[in-house]
Amino acid sequence: MIWKKPSSAQSACSINHLILQGRGYAAMMRIFAGATDEMRQNFRDNVLSATPRQVKDTLKDYFAAAAKSKAVAVYSSQEKLAEANLVLDEKLIIENLIEE
């Protein structure tokens, strides 16, 4: 079988399908989280009205708190993680998340 590049109309159609699927998933997650349209609008308004100083201060606070936790999640093969541990000063704790 010879592969043919899809036409721009076909590409647009499949992209639109993926966008619609993503919108449905996002809407479902908002329902599960209890986020209302009013909450979303309020968040949007706050983001759009934020000053550069407010953004910088918020990010500084966020990253300072995140740096204290030192939590890292990596999804990789056990061999690659073991290889990384050979060169890391602070070793990774490797947990198998998929039972075999």
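The values are calculated or read from the model by the stated rules, or taken from the named source; none is laboratory data. Quick caveat: nothing in here was measured; it's all calculated off a predicted structure. Cβ placement follows ideal geometry from the backbone for every residue including glycine, while neighbour counts extend to all protein chains displayed.
Please give the number of the condition VAL87 fails out of (1) closer than 30 Å to ALA27 by Cα; (2) free of Cβ contacts under 8 Å to residues at least 12 places away in the same chain; (3) aliphatic (A, V, I, L, M).
All conditions pass for VAL87, except number (1).
Pick from LYS91, LYS56, LYS80, LYS60: which is at pLDDT 85 or above and touching a helix residue (DSSP H, G or I) at 6+ places or on another chain (Cβ under 6 Å)?
Testing whether each residue is at pLDDT 85 or above and touching a helix residue (DSSP H, G or I) at 6+ places or on another chain (Cβ under 6 Å) leaves just LYS91.
What helices (runs of 4 or more DSSP H) lie completely within the stretch 27-100 and have 2 or more residues being aromatic (Phe, Trp, Tyr)?
By residue number, 52-69.
Look at the stretch 38-62 and say how many of its residues are among the aromatic types (Phe, Trp, Tyr) and loosely packed, with under 10 Cβ neighbours inside 10 Å.
The number of residues fulfilling the criteria is 0.
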